[in-house]
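See structure below.
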Amino acid sequence: MTKTILIVDDEEPLRNALKDKLVSEGFDILEAKNGQEGLEIALSKQPDLILLDIIMPVMDGLSMVKSLREEEKKSGKMVGNQIPILFLTNLSDETALSEGQKEGVYDYLVKSSWTLDGIVKKIKEKLNI
(Lines give C-alpha, C1' and ligand atoms only; values in the text may rest on other atoms or scores of the structure.)
Protein backbone atom coordinates (compact mmCIF):
# COMPACT_ATOMS: atom_id res chain seq x y z
CA MET A 1 0.00 0.00 0.00
CA THR A 2 1.35 3.42 -0.96
CA LYS A 3 2.01 5.80 1.93
CA THR A 4 0.93 9.43 1.73
CA ILE A 5 3.14 12.25 3.00
CA LEU A 6 1.84 15.77 3.64
CA ILE A 7 4.53 18.43 3.11
CA VAL A 8 3.68 21.71 4.87
CA ASP A 9 6.23 24.40 4.02
CA ASP A 10 5.98 27.93 2.65
CA GLU A 11 9.20 27.52 0.61
CA GLU A 12 8.04 26.30 -2.81
CA PRO A 13 11.51 25.20 -4.07
CA LEU A 14 11.95 22.99 -1.01
CA ARG A 15 8.42 21.57 -1.30
CA ASN A 16 9.11 20.74 -4.96
CA ALA A 17 12.47 19.08 -4.19
CA LEU A 18 10.92 17.02 -1.38
CA LYS A 19 7.95 16.11 -3.56
CA ASP A 20 10.13 14.98 -6.47
CA LYS A 21 12.34 12.89 -4.17
CA LEU A 22 9.45 11.31 -2.29
CA VAL A 23 7.47 10.54 -5.46
CA SER A 24 10.58 8.83 -6.89
CA GLU A 25 10.66 6.73 -3.69
CA GLY A 26 7.05 5.64 -4.27
CA PHE A 27 5.16 7.96 -1.91
CA ASP A 28 1.97 9.87 -2.68
CA ILE A 29 2.32 13.56 -1.83
CA LEU A 30 -0.03 16.21 -0.50
CA GLU A 31 1.19 19.81 -0.20
CA ALA A 32 0.32 22.90 1.81
CA LYS A 33 2.03 26.28 1.94
CA ASN A 34 1.00 27.19 5.50
CA GLY A 35 -0.25 25.61 8.70
CA GLN A 36 -3.92 26.44 8.08
CA GLU A 37 -3.90 24.64 4.72
CA GLY A 38 -1.91 21.83 6.28
CA LEU A 39 -4.41 21.42 9.10
CA GLU A 40 -7.36 21.24 6.70
CA ILE A 41 -5.60 18.70 4.48
CA ALA A 42 -4.41 16.61 7.45
CA LEU A 43 -7.93 16.40 8.88
CA SER A 44 -9.62 15.60 5.57
CA LYS A 45 -7.02 13.35 3.89
CA GLN A 46 -5.39 11.62 6.88
CA PRO A 47 -1.81 11.34 5.55
CA ASP A 48 0.51 8.67 6.90
CA LEU A 49 3.10 11.26 7.95
CA ILE A 50 3.48 15.06 7.98
CA LEU A 51 6.71 16.93 7.19
CA LEU A 52 6.12 20.28 8.86
CA ASP A 53 7.97 23.58 8.85
CA ILE A 54 7.64 25.75 11.99
CA ILE A 55 7.96 29.32 10.69
CA MET A 56 5.20 29.98 8.10
CA PRO A 57 2.61 32.64 7.33
CA VAL A 58 -1.08 32.34 8.32
CA MET A 59 -0.48 29.54 10.88
CA ASP A 60 2.91 28.34 12.11
CA GLY A 61 3.83 24.68 12.51
CA LEU A 62 3.49 24.53 16.31
CA SER A 63 0.00 26.04 16.12
CA MET A 64 -0.91 23.52 13.43
CA VAL A 65 0.21 20.60 15.61
CA LYS A 66 -1.71 21.95 18.61
CA SER A 67 -4.84 22.48 16.48
CA LEU A 68 -4.55 18.98 15.03
CA ARG A 69 -4.30 17.46 18.52
CA GLU A 70 -7.13 19.71 19.78
CA GLU A 71 -9.40 18.59 16.94
CA GLU A 72 -8.84 15.04 18.04
CA LYS A 73 -9.99 15.85 21.57
CA LYS A 74 -13.08 17.74 20.36
CA SER A 75 -14.19 15.13 17.85
CA GLY A 76 -13.32 12.10 19.95
CA LYS A 77 -11.49 10.72 16.91
CA MET A 78 -7.85 9.73 16.93
CA VAL A 79 -7.11 11.79 13.82
CA GLY A 80 -4.30 14.01 14.98
CA ASN A 81 -2.50 11.74 17.38
CA GLN A 82 -2.18 8.93 14.88
CA ILE A 83 -0.36 10.99 12.27
CA PRO A 84 3.41 11.05 12.89
CA ILE A 85 4.90 14.51 12.45
CA LEU A 86 8.49 15.42 11.59
CA PHE A 87 9.44 19.05 12.06
CA LEU A 88 11.65 20.11 9.14
CA THR A 89 12.77 23.64 9.84
CA ASN A 90 15.60 26.19 9.76
CA LEU A 91 14.83 26.98 13.38
CA SER A 92 17.10 25.29 15.91
CA ASP A 93 15.20 26.31 19.00
CA GLU A 94 15.07 24.20 22.16
CA THR A 95 11.73 25.75 23.17
CA ALA A 96 10.12 24.79 19.86
CA LEU A 97 11.60 21.31 20.14
CA SER A 98 10.24 20.92 23.66
CA GLU A 99 6.78 22.21 22.65
CA GLY A 100 6.73 19.86 19.68
CA GLN A 101 7.66 16.88 21.82
CA LYS A 102 4.82 17.69 24.24
CA GLU A 103 2.45 17.52 21.28
CA GLY A 104 3.84 14.20 20.12
CA VAL A 105 6.10 15.39 17.30
CA TYR A 106 8.25 12.42 16.28
CA ASP A 107 11.46 14.25 15.41
CA TYR A 108 12.97 17.67 14.75
CA LEU A 109 15.18 18.02 11.67
CA VAL A 110 17.13 21.21 10.93
CA LYS A 111 16.94 21.70 7.14
CA SER A 112 20.59 22.64 6.67
CA SER A 113 21.72 19.47 8.47
CA TRP A 114 19.74 16.95 6.38
CA THR A 115 20.00 15.68 2.81
CA LEU A 116 16.95 14.56 0.85
CA ASP A 117 18.17 10.96 1.18
CA GLY A 118 18.50 11.40 4.94
CA ILE A 119 14.96 12.78 5.19
CA VAL A 120 13.61 9.83 3.17
CA LYS A 121 15.48 7.42 5.44
CA LYS A 122 13.96 9.09 8.52
CA ILE A 123 10.45 8.88 7.01
CA LYS A 124 10.88 5.20 6.13
CA GLU A 125 12.22 4.52 9.63
CA LYS A 126 9.15 6.11 11.22
CA LEU A 127 6.73 4.31 8.88
CA ASN A 128 8.57 1.00 9.31
CA ILE A 129 9.19 0.53 5.57
Checklist entry - Under a plain spin-label model, where a point goes 7 Å from the Cα along Cα-to-Cβ, how far apart in nm are residue 109 and residue 58? => result 2.3
Checklist entry - Carbon and sulfur: what percent of segment 1-80's accessible surface (1.4 Å probe)? => result 49
Item to check | Pairs from 74/121; 21/111; 21/74; 19/122; 74/122; 3/121 whose Cα-Cα separation, in the structure shown, is over 24 Å | outcome: 74/121; 21/74; 74/122
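The values are calculated or read from the model by the stated rules, or taken from the named source; none is laboratory data. Remember, it's a predicted structure, so these values are computed and weren't measured experimentally. When we count neighbours, we look across all protein chains shown, and the Cβ atoms used for this are built from the backbone with ideal geometry, even at glycine. Remember, those area values only see protein heavy atoms, side chains included, never the ligands or the DNA or RNA. Shrake-Rupley method; radii C 1.70, N 1.55, O 1.52, S 1.80 Å.
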